[in-house]
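I have placed the structure first, in the form of structure tokens, so that the comments after it can refer back to it.
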Amino acid sequence: MFKGFFRDFYTLSAAVLLSAGGLFAQSNTAVTNNIERAHTLLNDVYGELNYNNSVGDVKMHIKGTYNYEGMSTKPGSSRAFMMSSEIELSDGGGKLVRKDSFSRSGEDLITSLYDIDAEHINVKEAGEELKVTEKDKDKYLYKSLIFSPNLLLQVMLEDASRNTFISTTDNYHIIRHNNTSGDALFLYINSNTYFLERIDQPMYDVVNGDYYRSIHYSKYDIQDGYQVPGKITIKRDSNLIYDLDIEFKEILPRVEYGTVRLTQKNIGEWLYLVLMPKWNHKSIIADMKDYLVVFDPPGNPEAGYTLLDNIKRAYPGKEIKYLVVSHLHPDLMGGVRPFMEEGVTIVTTEGNRSYFQEIAVNRHLFSKDVRVKKFITPKFQFVILNKQEIRAGERIIQLYLLNKHSNHTDEYIISYIPQEKMLIESDLVKTWDLKEGRKTDKKEKGLMEFIEANKINVKQIVQSWPLDKAPHVVEFNQVKPESDSKLLKGSKKVLEVFN
């Protein structure tokens, strides 16, 4: 047994020793470079197998033979079981339903069940229900993910910090992956085809000590626009455990719509307010017929992707052309990068260029929340004068440089819709405190003086923050002290496409 171990895994063992013994001697830069190199390689393999599609749902049927622990000397293991399995993986690998059956002439049928999603984990092996916890979820998900390299790679790419480049041989690029259950997987990527051909997993049991489980992929073929393996064998050292044929019944791309469904309200003929209660935020969308303009993103990547995905769903095929960012504060900046990744032009001031460029070039290899891990190239449109326009026929947006008049930040953009006499700003008005007899604070005073000085005919104000305890749209007169104007709550019309 150990002869096979030393012969087949000499390269891997050396790589393990190098990664374990030399890792701490490397600088942070070298470690990060290894992580980035692994991420780049895995992305290349992922693109090769999936033709640049994502993977959402996979349904497969597996049949073949199973040898008990692959050890022919074990009692009862001389005859192989016939294995049949139905596996459904969905939600990008986060949900699993798998049913296995094992049969052997003259013996009762043995069944296993794996039912896992975000809410629960239920595992039965050989008819016995196992006591498992949340910590075991990755362990059992990976037991099924290994049958679909297409989806396995997608899951591995979610957190680049778990992947490390080990070495390149004449035939393979070798990458190490650690899942959250503590398992280490060494991926062997064919250096010519960029197909995943083998995974080696160091294992241990108290009787036999150290051993390796090896998964071999072969007979790749195109199905539904994906390269999928038709044959998988799994060995324990040199002993065959599984010899399986894989039939992919269905493999579908993943559609990113975020985990939260948002609603939007009509606040003008072509203006919509998107409510984001989870993040205490409102974003505004202007439908310019051929493209969209979005005002003020929310404050973190999760919220930014959720907004972006819901907009794509509500306006299929329509370009999100501009993102107007009023000012540089954390309650907006966290949600900017998702729009940059989509190639949306950022509308800001020249003074903010370097800040946005820094957001774009920063790497996010250690975050599961950010989809594009490496640097991106941002696109800008700078506001350089008051009343600068974004125009599509009769639909006009005017941009003004409030800047220091905001008494909030040195660079501050406000937007005005002449057709609706509506002003869009982020956080200058105490919309949660508009009682009669109130006194304006310095931010409100600066805003009103600017509006008056530039003769902007404002009837209503819409503000992106906060959502809680604040009206959606405010009459401008209501902002002034001792005013008896009423709040405008906005249209009750809710677009069904966001529901």
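When you scan the range 304-393 for strands (runs of 3 or more DSSP E) that lie fully inside it, which ones turn up with 2 or more residues that are charged (D, E, K, R)?
Output list reads 319-324, 388-392.
Quick one: count up the residues across the range 87-118 that are over 21 Å from Gln154 (Cα atoms) and either under 30 Å from the mean Cα position of the chain (by Cα) or not assigned by TED's automatic domain parsing to the domain that holds Asn179 (or both).
Summing the residues that are over 21 Å from Gln154 (Cα atoms) and either under 30 Å from the mean Cα position of the chain (by Cα) or not assigned by TED's automatic domain parsing to the domain that holds Asn179 (or both) in the range 87-118 gives 2.
Pull out all pairs, ordered by first then second residue, where Cβ-Cβ is under 9 Å, the residues are six or more apart or on different chains, the first lies in the range 155-178 and is free of Cβ contacts under 8 Å to residues at least 24 places away in the same chain and not assigned by TED's automatic domain parsing to the domain that holds Lys374, and the second is among the acidic types (Asp, Glu) and assigned to a strand (DSSP E or B).
Taking only residues 6 or more apart or on different chains, the pairs are Asn171/Glu197.
Of the conditions (1) outside any strand (DSSP E or B); (2) free of Cβ contacts under 8 Å to residues at least 12 places away in the same chain; (3) surrounded by 13 or more Cβ atoms within 10 Å (Cβ to Cβ), Lys137 clears all except one; give me its number.
For Lys137, the failing item is (2).
Testing Ile222 on (1) under 19 Å from Thr164 (Cα atoms); (2) over 24 Å from the mean Cα position of the chain (by Cα), one condition comes back false. Which one is that?
With (1) under 19 Å from Thr164 (Cα atoms); (2) over 24 Å from the mean Cα position of the chain (by Cα) applied to Ile222, the lone miss is (1).
Looking at the range 330-346 only, could you name the residues that are buried (at least 24 other Cβ atoms within 10 Å of the Cβ) and closer than 15 Å to Asn280 by Cα?
Residue satisfying the conditions is Gly335 alone.
Do we have Tyr211 as farther than 23 Å from Ile320 by Cα and touching a strand residue (DSSP E or B) at 6+ places or on another chain (Cβ under 7 Å) here?
yes
Out of curiosity, is Ile146 on the phi < 0 side of the Ramachandran plot, touching a residue at least 40 places away in the same chain (Cβ under 8 Å) and over 24 Å from the mean Cα position of the chain (by Cα)?
Spelling it out, it is not the case that Ile146 is on the phi < 0 side of the Ramachandran plot, touching a residue at least 40 places away in the same chain (Cβ under 8 Å) and over 24 Å from the mean Cα position of the chain (by Cα).
State all residues of the range 281-314 that are more than 21 Å from the chain's Cα centre (by Cα) and either surrounded by fewer than 23 Cβ atoms within 10 Å (Cβ to Cβ) or among the aromatic types (Phe, Trp, Tyr) (or both); if no residue qualifies, say none.
If the condition is that a residue be more than 21 Å from the chain's Cα centre (by Cα) and either surrounded by fewer than 23 Cβ atoms within 10 Å (Cβ to Cβ) or among the aromatic types (Phe, Trp, Tyr) (or both), then Ile285, Asp287, Met288, Lys289, Asp290, Tyr291, Leu292, Phe295 are the ones that fit.
Across the range 387-415, what is the total count of residues that are over 32 Å from the mean Cα position of the chain (by Cα), over 21 Å from Met288 (Cβ atoms) and surrounded by 15 or more Cβ atoms within 10 Å (Cβ to Cβ)?
7
I'd like the full set of residues that are crowded, with 20+ Cβ neighbours inside 10 Å and over 15 Å from Thr345 (Cα atoms), limited to the range 315-329.
Hit for the range 315-329 is His327, nothing else.
Can you spot a residue in the range 140-151 that is over 25 Å from Glu197 (Cα atoms), buried (at least 16 other Cβ atoms within 10 Å of the Cβ) and either of a type in the set (Phe, Trp, Tyr) or not assigned by TED's automatic domain parsing to the domain that holds Gly225 (or both)?
no
For the range 206-229: of the residues being surrounded by 11 or more Cβ atoms within 10 Å (Cβ to Cβ) and of a type in the set (Val, Ile, Thr), which is farthest from Tyr194 (Cα to Cα)?
Looking at the filtered set, the residue picked out is Ile215.
Can you find a residue that is of a type outside the set (D, E, K, R), at pLDDT below 95 and on the phi > 0 side of the Ramachandran plot anywhere in the range 473-484?
no
Quick test of your reading of the structure: Ile384 fulfils all but one of (1) in contact with an Asp or Glu (Cβ under 8 Å, 6 or more places away or on another chain); (2) aliphatic (A, V, I, L, M); (3) without any contact (Cβ under 8 Å) to a residue 24 or more places away in the chain. Name the failing condition by number.
Just one mismatch for Ile384, condition (3).
One line per residue, one yes/no per condition, for (1) over 19 Å from Ser283 (Cβ atoms); (2) touching a His at 6+ places or on another chain (Cβ under 8 Å); (3) small (Gly, Ala, Ser):
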{"position": "Asn407", "(1), (2), (3)": "yes, no, no"}
{"position": "Glu425", "(1), (2), (3)": "no, no, no"}
{"position": "Gly437", "(1), (2), (3)": "yes, no, yes"}
{"position": "Leu447", "(1), (2), (3)": "yes, yes, no"}
{"position": "Ile461", "(1), (2), (3)": "no, no, no"}
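One line per residue, one yes/no per condition, for (1) polar (S, T, N, Q); (2) at pLDDT below 90; (3) surrounded by 11 or more Cβ atoms within 10 Å (Cβ to Cβ):
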site	(1), (2), (3)
Arg438	no, yes, yes
Ile451	no, no, yes
Asn454	yes, no, yes
Lys469	no, yes, no
Lys493	no, yes, yes
Asn499	yes, yes, no
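Residues in the range 39-66 that are among the charged types (D, E, K, R) and within 20 Å of Arg371 (Cβ to Cβ): how many?
Count: 3.
The values are calculated or read from the model by the stated rules, or taken from the named source; none is laboratory data. The model shown is predicted, which means the values in this text are computed figures rather than measured ones. Don't worry about glycine lacking a Cβ; one is built from the backbone with ideal geometry, like all the others, and counts go over all protein chains shown.
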